[in-house]
Amino acid sequence: MPAVLKAPLVVEFPFTRSLGPVQSAFLTGLRDRVVLGVRTGDGRTLVPPVEYDPVTAEEIHDLVEVAPTGTVTTWAWNHHPRRGQPLSAPFAWVLVRLDGADTALLHALDAPGPDTVHTGMRVRVRWAEDRAGAITDIACFEPYDGDAAEPTGHSGEFGDPVTGIVAAARLDYTYSPGRAQTAYINALSERRNVGERCPSCRKVYVPPRGACPTCGLATSEQVEVGPAGTVTTFCIVNIKAKNLDIEVPYVYAHIALDGAGLALHGRIGGIPYDQVRMGLRVEPVWTEGGRYPDHYRPTGEPDADYETYKELL
């Protein structure tokens, strides 16, 4: 049996968030080397600040400055920092209750080793050289044995407040398609579509799952399908995706390849987007060296009768 495929995969997208007045003041304060919290109705000071009291659900907006020094309440050592973490050398994740606050802030502590970190140790903020209004404006915490710093008495009002942030969400992992889809992908490199048939209901699944989702039985009988197929349903895409060199509008469709018991999806080309329709007969178009069809185009055959694909919608 051929080796099962595996490959690194990265899912990444920018996450844009608008800020309310409380979070705006907090992040703008970090930009200006000021740490702000918010005071609850019963006098507690929450850092980082929130817009609603977690106990009473009351809306809170009374900003109060706290000191950039504080006490470690708990910690964990990070032996192997990952991409994008605050420090490249091993460090401690710490919860720090800043002087004047009643809750703790999570951040990194730059320390020589785990034997130098303990609950109750005193630390202070190390500010980043370049600050833009984000939690990373605090580069990290560092050990501190001096007196508690005094707040400057900042009111929480800023002339140029930060009103929104853009953060890159990213997930790195290794993906393996498994035995069944490895065979499917290897067949695509030969410009063939290979599915697997359920031994009970006899449906042919493309791409194969390795088991029938209806009967719950393992599948192993390989069946070649297509290459032509029928558009069962479709959507018109009007928003251009980043790094995708396709002009909008274009059509993505579910395509039931001849002999398959499940529709797969693909882009429709070679026809104006407003002429794509259910029942349209299509065939794959391969690019030079491509491992999968670039798109599907009309075959010129008469449209398929609805009765032949209604169960594949």
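Remarks
- ³J(HN,Hα), Karplus 6.51/-1.76/1.60, whole Hz, each residue of the stretch 147-156, x for Gly, Pro: 6, 4, 6, 9, x, 7, x, 5, 7, x
- Added length on full extension, which subtracts the Cα-Cα distance from 0.36 nm per residue, Arg277 to Ala169: 35.2 nm
- Pairwise alpha-carbon distances in the stretch 58-102 exceed 13 Å for 67% of all pairs.
- Partner aspartates and glutamates for Lys203 [C-alpha distance under 19 Å; skip if fewer than 8 residues away on the same chain]: Glu221, Glu224, Asp258, Glu307, Glu311
- Accessible area in the full protein assembly, largest first, 1.4 Å probe, for Tyr144, Tyr173, Tyr250: Tyr173, Tyr144, Tyr250
- Overall dimensions of the chain, expressed as equivalent-ellipsoid semi-axes from the Cα gyration tensor (√(5λ), whole Å, largest first), are 57, 25, 18.
- Three-way shape call for the stretch 1-88 based on the alpha-carbon gyration tensor, with the a/c threshold at 1.5: prolate
- Karplus-derived HN-Hα couplings along the stretch 130-142 (A = 6.51, B = -1.76, C = 1.60, θ = phi - 60°), whole Hz, x at Gly and Pro: 9, 10, 10, x, 8, 4, 6, 5, 7, 4, 4, 9, 9
- Shape class for the stretch 168-313, computed from the alpha carbon gyration tensor (a ≥ b ≥ c): oblate, with a/c not under 1.5 and a/b at or below b/c.
- Each residue of the stretch 97-204 gets 333 Å³ once the volume of the Cα convex hull is shared out per residue.
- Rounded to whole Hz, the Karplus (6.51, -1.76, 1.60) HN-Hα couplings of the stretch 84-98, x for glycine and proline: x, 7, x, 10, 8, 8, x, 8, 10, 7, 9, 9, 10, 8, 5
- Helix 178-188 vs. the chain, principal-axis angle (Cα, 0 to 90°, nearest 10): 60 degrees
- Other residues with beta-carbon under 12 Å from the beta-carbon of Asn186 carry, at +1 per Lys or Arg and -1 per Asp or Glu, a net charge of +3.
- The stretch 1-148: C-alpha gyration tensor shape, a/c 1.5 cut-off, then a/b vs b/c: oblate
- For the chain, calculated [θ]222 nm from helices alone, where every DSSP H run of n ≥ 4 adds -39500 (n - 2.57): -2000 deg cm²/dmol
- Residues Glu221, Glu157, Glu142, sorted by accessible area with the largest first, give Glu157, Glu221, Glu142 [1.4 Å probe; ligands and nucleic acids excluded].
The values are calculated or read from the model by the stated rules, or taken from the named source; none is laboratory data. Just so you know, these numbers come straight off a predicted model, no measurement behind them. Positions of Cβ are backbone-derived with ideal geometry, glycine not excepted, and every protein chain shown enters the neighbour counts. Surface areas here come from the heavy atoms of the whole protein model, side chains and all, with no ligands, DNA or RNA. Shrake-Rupley method; radii C 1.70, N 1.55, O 1.52, S 1.80 Å.
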